[in-house]
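Chemist: Here it is, the structure in full.
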Amino acid sequence: MQGMQSSMAEDVKIKWAVWTSPKTGLLAFASDWKSSDLPELYFGEDRLPVKNLRREDPLNFARMSGYWIDKREIIFVLPEKTAKEEKAALKEGVYVAGSFNDWAKAVGDDAWKLERDEESGLHCLRVPLKAVGGARKSQSFKFVTAKERWLEVPVDLPNCIVDDYGNRNFHLEPKCTGAHEFVFEPPLPFNVAADIQLIFCRGGKDVAVTMKPGPFVKKMASKLPLGAVVEDDVTIFRLFSPQANRVSVHIYKDVEATRVKTIAMVLRESCVWEARLPRNAHGEFYHFTVDGFAADVGTLFDPHFRVLDPYALAVTGPKGPAIVVDLARWKPPVRRFQPPAWHELIVLETHVRDLTARAPIDLTEQERLGFAGVTKWLKTEGSYLRSLGINAVELQPVQAFDTANFEEYGWGYMPVNYFSPAPQYGSDPQSPDKAAQEFKEMVEAFHEAGLAVILDVVYNHVGEPNHLQYVDRGYYFLLNADGAYLNFSGCGNTLDADTPMVRRLMVDSLIHLIEYFDVDGFRFDLGELIGVDALVHVERALKAVKPSVIFIAEPWSFRGHIIRELKNTGIASWNDGYREFLKKYLRGEGGADGLFYFLSGSRDAFRFPAQTVNYVESHDDRCWIDEITENPNGSGLFPTANDRRRTHIMFAILMMSHGIPMLLAGIDFLKSKNGKRNTYLDGEENALPYERTLQFPHTRDYLNKWMAFRLGLGKALLCPAHPVEQGFFSTAAVRNALAVVYNANTTLGSRRWLFAVNPHFEEVALPLPEGDLTVGKQLADHERFDLAGLTSATIPIDSTAHLRMPPLSCALWQILPD
C-alpha cells in the first residue's frame, strides 16, 4: 500500500491513513509515536474531532504486517488468512526467512520455526531484535514451508513490497514497531469513496492527508442482479463499483448514439449503482460512465470513457456498446446433452476459424468467419470432426475479445466481456440475438455429432480496452504498492480472483454459458493466477448447476505452478510434464521409468486418473511434428519416415496412458506450422489444411483405430474411473525400452494387455514382464492396428521369453488367460 508522506513539525510524518471498515479508520505514522499523549486529529473541512481515538493493538498490526516489536524482541506472526489456507504446511513446519538469515538457509533451522501461541491462536516466533540486524536496519522477509515452498504475501498488506523480480515480500521497518498506528472513528457517517481529509495538528501546524479505502474494500460484495435486467416493462441497469462517487447509464436506439438518454444512477446497497428505465429496452444499446475521487494510486476513473457493462449479455465489439437482452426471449435448451464421463474423454483442441477457413465445402465468406460456418461443416456428411474418433472438443476462447476488425484473426485470449459470445464470430454484431443464437446452434450441432463442448476461458486477465479498470481498478486487479499492474499474466494485468465480485463474475458468466447454451465444461487459462481457492469455489458452484461439468485448469503462469496443489480437488490439469517428456523420450532422451510414470497416470501428482490431461501439443508454441522433425529447418511440412513413425508411437503411448488424452486439430494428418513458435495472429498458418488427410491417410487411420480401441475393447483397463490397485501394472525394461502388462493382478477382470515401446535405433530384446505369460495375438505395431490380429510381419517372441522389438517401434498384444 503506497502511503502519502507529509512533512511536519518535529520530524513526525504521516505514512498513510486508510478506512479499515465503513466505520473505522487507521492512521500510520512513518515511525513510532513516542509521546504519551494522543495525536490531535480532526475530520474534514469542518475540523470535527475524530471519535474514540486509541492506539492500535500491536497484535492487530502484526496480523497485517507479519511482525511487531516489543522492546528488544521481534515477534513474527503468520497472517491469519495464510494460516487458514496453509494448514497442511503448518503441520510440516513454517519458517521465517529473510535478508537477515540468508533466506532459504533458515529452512529446517528450529531457531526460525514458527510455533502456535495457545493464548492468541496465532503462529508466532519471538527472537531478539539483534537477530534481524537491530533497531536501525530495514529488512525483507517471508514465510516458507519445510518443503521450501514460499508462502505468498498478500498484495494489499501495508508493508508488502515487490522486488525487481516480481517477488512479494514483507518489509520490516524497525522504526515501526506497532506503536506508530492509531485507530479512530469518524464523527459523522461517510462514503468511503468521498474526498475526505484527515487533519493532524501539532505545534499549531496542520497537515492534511486524504483518507483512502483500505483492504476491506476488496471484501465488499453484492447479491443484487447486475447488468441490464428486464423485468416486465422495466429495464434495470446495475453496476458494482465500490469506490465510484458518480455513475451514469447512457441508452440509445442506434449504435451511432445519435440520440442518447442519460440517467444518473443511484447508489444502492453494497456498492451497487442502479437506474430504472420504464420500458422493455430489448435490442437497445447502452454504456456506463464512472467517476470517482483519485484518493489512491489504485484508482483510475475517467468520466468520459464509455464503459462496457461487465455483465452485458450481448456486445457489438470490444469498445461496445452493450446491447440490452430480455432473457425471456432466449429459450434455454430443451434437451440437455450428457457428456462422456471424464475418464472416457478424448479431447480435440481447436479454434472456430481454424475449422472453417479451408473447410472443403461451400461456405460464404461470412460463414467462414464464425459459428454458422462451423455448424454447417459439422452437419456435412464425412466432416472432419465427425470422422475423427474424438468425443469432445475444446474451443479456444469464444467470449467477446479485443479484435476490433472482425475479419482479423485472433486466438481470443484478450477478453473484454465474459457473458457475450464473441461478436467477431456472429453474422450481425448489432443484433442482440444473432451471435448468441448462432453459438447455441453450433453447440447443438456438436452435441448432435456426439461431441461434448469445452470452452477455453480466460479469467486471469482482461484485454484492451480494459473496461474494468474504469469501473474500479483497485478492486478488480492486482496492483503493486505504486498502483501499477502486477503483470503475472504477461498480458498487462492480472485479475484479483480473491475478491468476491471477481469470483461472482466468473461463476455468473459460466453458469450463463451452461444454462443458455448447454456448454459442457471449461478449461481455465493460466489457472495458477486464479488460484486453488478460487478455482475450487467456481468448481463447486458449477457442479451444483451441472454435476457433469468438465473442469480443467492450465496449472501454471509466469508466477508459478499449482499442479500438485490441485491434487486434492476435483479439478483436472493440463500435464505439461507429459508433453515435455514424450518429445524427449521419442528422441532417445528419456528413460523407461519416465515412460511408465506417464503411462500409469503420473500417480503421485494426481488423485484420480482423469485428473491428468495428457497431451503433446496445444495451440501454444511449435506443433508436435515441428518439434520432433529430423529436418534441419525445424519444419515438419515434409516429414521424414522417422518423424511419421515417432508420431505413430506417440499416438499409441497417448492412447495407452491413464488420464484424459488431448489432441490438437490437425495432428492426425501431421499438421505443421513451418517451425513457427508463436502463431496467435496468424490465421493462414493455423488454418487446417485438410488436403493433408489425402497425403497421410494411413496416419489418420492409425490414430482413429487406437482411439476406437481405447473407447471400446480397451476401455475397462485404459480408462479407469478410480486409481488402480498396486500390482495392476507389471513392467520390464532394457535401456529406454519398456514392456508393460495392464491388469497384471486381474483386479479389473480377466482381460490383460501387453504394450511395448522401443525408442532406440537398434533392435532391443525386451524380456516379458512376467516370464510365464501366455501371449496371444498381436493387435498393433507402429504402422498397423487390427482387432482381429495382425497376420503377417508380427514381432517375434524368442525362446527365452524376450520380445524382439525392432528399431523405433511399438506393439500391443492380448494376453491369454492362464
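Chemist: Going by the structure shown, is residue 651 assigned to a loop (DSSP other than H, G, I, E, B) and farther than 22 Å from residue 563 by Cα? Spell out how you get there, then give the answer.
Modeler: Numbers: assigned to a loop (DSSP other than H, G, I, E, B): no; farther than 22 Å from residue 563 by Cα: yes.
The answer is no for residue 651.
Chemist: What's the number of the condition residue 759 fails, among (1) within 23 Å of residue 700 (Cα to Cα); (2) over 44 Å from the mean Cα position of the chain (by Cα)?
Modeler: (2)
Chemist: Could you tell me whether residue 270 is touching a Ser or Thr at 6+ places or on another chain (Cβ under 6 Å), closer than 24 Å to residue 466 by Cα and assigned to a strand (DSSP E or B)? Steps first, please.
Modeler: On the way: touching a Ser or Thr at 6+ places or on another chain (Cβ under 6 Å): yes; closer than 24 Å to residue 466 by Cα: yes; assigned to a strand (DSSP E or B): no.
In short, no.
Chemist: Sort out which residues of segment 309-359 are within 26 Å of the chain's Cα centre (by Cα) and assigned to a helix (DSSP H, G or I), and write them in order of number.
Modeler: 342, 343, 344, 352, 353, 354, 355
Chemist: If you don't mind, another one. Can you name the helices (runs of 4 or more DSSP H) wholly within segment 49-134 that have at least 1 residues being open to solvent by 60 Å² or more (accessible area, probe 1.4 Å) and of a type in the set (Asp, Glu)? Full working, then the answer.
Modeler: Numbers: elements: 58-65, 80-85, 87-92.
Answer list for segment 49-134: 80-85, 87-92.
Chemist: Quick check, is residue 675 part of a loop (DSSP other than H, G, I, E, B) and surrounded by 22 or more Cβ atoms within 10 Å (Cβ to Cβ)? Explain how you work it out, then say what you get.
Modeler: Values: part of a loop (DSSP other than H, G, I, E, B): yes; surrounded by 22 or more Cβ atoms within 10 Å (Cβ to Cβ): no.
Spelling it out, it is not the case that residue 675 is part of a loop (DSSP other than H, G, I, E, B) and surrounded by 22 or more Cβ atoms within 10 Å (Cβ to Cβ).
Chemist: Residue 487: touching a helix residue (DSSP H, G or I) at 6+ places or on another chain (Cβ under 9 Å), of a type outside the set (Gly, Ala, Ser) and more than 21 Å from residue 357 (Cβ to Cβ), yes or no? Write out each step before concluding.
Modeler: On the way: touching a helix residue (DSSP H, G or I) at 6+ places or on another chain (Cβ under 9 Å): no; of a type outside the set (Gly, Ala, Ser): yes; more than 21 Å from residue 357 (Cβ to Cβ): yes.
Spelling it out, it is not the case that residue 487 is touching a helix residue (DSSP H, G or I) at 6+ places or on another chain (Cβ under 9 Å), of a type outside the set (Gly, Ala, Ser) and more than 21 Å from residue 357 (Cβ to Cβ).
Chemist: Is it the case, given these coordinates, that residue 783 is open to solvent by 40 Å² or more (accessible area, probe 1.4 Å), among the acidic types (Asp, Glu), under 18 Å from residue 648 (Cβ atoms) and in a loop (DSSP other than H, G, I, E, B)? Give the derivation first.
Modeler: On the way: open to solvent by 40 Å² or more (accessible area, probe 1.4 Å): yes; among the acidic types (Asp, Glu): yes; under 18 Å from residue 648 (Cβ atoms): yes; in a loop (DSSP other than H, G, I, E, B): yes.
Yes.
Chemist: Could I ask something else about it? Give me the residue from segment 474-501 that is over 20 Å from the mean Cα position of the chain (by Cα) and open to solvent by 10 Å² or more (accessible area, probe 1.4 Å) and, out of that set, nearest to residue 271 (Cα to Cα).
Modeler: Residue satisfying both the conditions and the ranking: 474.
Chemist: Right, here's the next one. Can you pull out every residue in segment 39-56 that is closer than 25 Å to residue 122 by Cβ and either without any contact (Cβ under 8 Å) to a residue 12 or more places away in the chain or in contact with a helix residue (DSSP H, G or I) (Cβ under 7 Å, 6 or more places away or on another chain) (or both)?
Modeler: The answer is none; no residue qualifies.
Chemist: On to the next question. Just give me the residues in segment 195-223 being open to solvent by 30 Å² or more (accessible area, probe 1.4 Å) and either over 26 Å from the mean Cα position of the chain (by Cα) or within 12 Å of residue 41 (Cα to Cα) (or both), in sequence order.
Modeler: Residues satisfying the conditions are 195, 197, 202, 203, 204, 205, 206, 208.
Chemist: Further, regarding this structure: Please work out if residue 557 is touching a residue at least 40 places away in the same chain (Cβ under 8 Å), more than 26 Å from residue 441 (Cβ to Cβ) and among the hydroxyl-bearing types (Ser, Thr, Tyr). Walk me through how you get there before you give the answer.
Modeler: Numbers: touching a residue at least 40 places away in the same chain (Cβ under 8 Å): yes; more than 26 Å from residue 441 (Cβ to Cβ): yes; among the hydroxyl-bearing types (Ser, Thr, Tyr): yes.
Judged against the criteria, residue 557 is a match.
Chemist: Name the single residue that is most open to solvent (accessible area, probe 1.4 Å) among those in segment 135-149 being basic (Lys, Arg) and in a loop (DSSP other than H, G, I, E, B). Give the derivation first.
Modeler: So in segment 135-149, the residues basic (Lys, Arg) come out as 136-137, 142, 147, 149.
Then drop every residue that is not in a loop (DSSP other than H, G, I, E, B), which leaves 136-137, 147, 149.
Numbers: 136: 230, 137: 116, 147: 158, 149: 85 Å².
The qualifying residue most open to solvent (accessible area, probe 1.4 Å) is 136.
Chemist: Show the residue pairs meeting these rules: Cβ distance below 6 Å; 6+ apart or different chains; first residue within segment 488-510 and at negative phi and among the acidic types (Asp, Glu); second residue at pLDDT below 95 and open to solvent by 10 Å² or more (accessible area, probe 1.4 Å).
Modeler: That search, which allows pairs on different chains as well, returns 496/478.
Chemist: Condition first: closer than 23 Å to residue 285 by Cα and open to solvent by 60 Å² or more (accessible area, probe 1.4 Å). Now tell me which residues in segment 322-343 satisfy that. Step through it out loud before you land on a result.
Modeler: The initial filter retains those residues of segment 322-343 that are closer than 23 Å to residue 285 by Cα, namely 322-331.
Residues satisfying the conditions are 328, 329, 331.
The values are calculated or read from the model by the stated rules, or taken from the named source; none is laboratory data. Because the structure is a prediction, the values reported are computed rather than measured. All Cβ positions, even for glycine, are placed from backbone atoms using ideal geometry, and neighbour counts span all protein chains on display. Only protein heavy atoms, including side chains, enter the accessible area calculation; ligands, DNA and RNA are left aside. Shrake-Rupley method; radii C 1.70, N 1.55, O 1.52, S 1.80 Å.
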